[in-house]
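The structure appears right after this line, and notes come after that.
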Amino acid sequence: MSALVTPILHLNGDRPEVLLARLEEAFRAVRTAIEAVRQCAPNGRNFYPDPGRLARAQAQHDERLVRLWAVEQSISQEAMAIQRDRN
């Protein structure tokens, strides 16, 4: 992922509280998505008798979670930067 770009806090832009509220809502939505994807974890009984299919499904599942965790981390970092910059 590229370097995080954060907003510049100034009078002509959104208030920090508004930016943080939007990020908090997005963070909660990503958390909900992570939990939903976790519930989709592959069950071996659904992937036999094809050897290797379960491993591929697990790798696919893990990659989805990794991508969601990256989004979650990015949102968190942006919120922390805004909090730091407003003080």
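Values in this text are rule-based calculations from the coordinates and carry no lab data. Keep in mind the model is a prediction, meaning the values are calculated, not measured. Cβ placement follows ideal geometry from the backbone for every residue including glycine, while neighbour counts extend to all protein chains displayed.
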Enter the angle in degrees (range 0 to 90, nearest 10) between the Cα long axis of helix 53-86 and the first principal axis of the Cα atoms of the chain, meaning the one along which they spread out most. 10
Summing -39500 (n - 2.57) over every DSSP H run of at least 4 residues in the chain and dividing by its residue count gives a helix-only mean residue ellipticity at 222 nm, to the nearest 500 deg cm²/dmol, of -23500 deg cm²/dmol
Can you pull the one-decimal nm distance between simple spin-label points at F47 and D85, each 7 Å off the Cα toward Cβ? 4.2
Given 25 °C and 0.890 mPa s, how large is the Stokes-Einstein diffusion coefficient of the chain in µm²/s, with Rh as the Kirkwood radius over Cα pairs? 160
Among 72-80, 33-41, how do they line up by average Cβ neighbours within 10 Å per residue, starting with the highest? 72-80, 33-41
Using only Cα atoms, tell me the angle between helix 16-38 and the longest principal axis of the chain; keep it within 0 to 90° and round to the nearest 10. 0
